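To start, the structure under review is shown below, and the notes come after it.
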């Protein structure tokens, strides 16, 4: 790798406990925010309206996602608010896209999850083949950033489908599904601290798992009581999550990821 490029500071944050807390909050916001647009705002009174809502919501959040990625790539250094705005954009478009594919297109949770898992793995393999590394510490050039954000978008969409699949298809409910993904996330962290398994692989495993965890927590907050949720307003839940995320970013400044020496 060119020495000048290797010395560039990554435009993503250091992976700390704060990173994972904000990531889970952001994925939860993506679920409540996406549902607020496709279900509450655009409505779902009929099957046709539901499908249209998911499609329009995907288009809206897709534009926001592309715009955020372009600004992120053009930025000269790491900006916490810009980074997390782009993450939230991937979670919202992931929510609406997964709902459209699994529900409106009739693929189903199993089929949708399988297709999206293949997309995530393919994205990581192509990224690794093209650049030699899939470590977030190398996210410091436009080419790598494109791979990074495409992979994240696929992983967020996969996470939504996985969360719905475990919570609905297996009739575990939102609390049960949250326990499953929370447990898997805990196992991943234990593997990180007590084994020599590739840190890069464990990072992406944890990154993917935080999405279904956030998805089922978001569903738990805004779904009707009859469906096992708390029936909170999607707008209120989304605003509350946004306030907490902004507060954490302001109170606890984040530094960009850098290679260990």
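Points to keep in mind about this one:
Residues checked against (1) under 17 Å from residue 15 (Cα atoms); (2) in contact with a helix residue (DSSP H, G or I) (Cβ under 8 Å, 6 or more places away or on another chain):
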position: 83; (1), (2): yes, yes
position: 93; (1), (2): no, yes
position: 96; (1), (2): no, yes
position: 102; (1), (2): no, yes
position: 108; (1), (2): no, yes
position: 129; (1), (2): no, no
position: 137; (1), (2): yes, no
position: 143; (1), (2): no, yes
position: 147; (1), (2): no, yes
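- Hey, residue 178 under 27 Å from residue 83 (Cα atoms), in a helix (DSSP H, G or I), modelled with pLDDT under 95 and under 17 Å from the mean Cα position of the chain (by Cα) or not: yes
- Taken over region 102-148, the residue count meeting the criterion of being part of a helix (DSSP H, G or I), modelled with pLDDT of 90 or more and crowded, with 18+ Cβ neighbours inside 10 Å is 8.
- Qualifying positions in region 225-239 - crowded, with 17+ Cβ neighbours inside 10 Å and modelled with pLDDT of 90 or more: 237, 238
- The residues of region 109-145 that are touching a residue at least 40 places away in the same chain (Cβ under 8 Å) and closer than 18 Å to residue 77 by Cβ, listed by number, are 136, 137, 138, 139, 140, 141, 142, 145.
- Scanning region 170-186 for residues that are out of contact with any helix residue (DSSP H, G or I) (no Cβ under 9 Å at 6 or more places or on another chain) and closer than 19 Å to residue 24 by Cα returns 179, 183, 186.
- Subset of region 69-101 [in a helix (DSSP H, G or I) and free of Cβ contacts under 8 Å to residues at least 60 places away in the same chain]: 70, 71, 74, 82, 85, 89, 100
- When region 170-193 is filtered for residues that are touching a residue at least 12 places away in the same chain (Cβ under 8 Å) and under 14 Å from residue 212 (Cα atoms), the ones remaining, listed by number, are 173, 174, 175, 177, 178, 180, 181, 182, 184, 185.
- The set of residues from region 162-175 being under 18 Å from residue 227 (Cβ atoms) and surrounded by 15 or more Cβ atoms within 10 Å (Cβ to Cβ) comprises 163, 164, 165, 166, 167, 168, 172, 173, 174.
- Filter result (at pLDDT below 90 and exposed (fewer than 13 other Cβ atoms within 10 Å of the Cβ)) within region 182-224: 224
The values are calculated or read from the model by the stated rules, or taken from the named source; none is laboratory data. This structure is a prediction, so every number in the text was calculated from the model and none was measured. Using ideal geometry, Cβ is built from the backbone for each residue, glycine included, and neighbour counts are taken over all protein chains shown.
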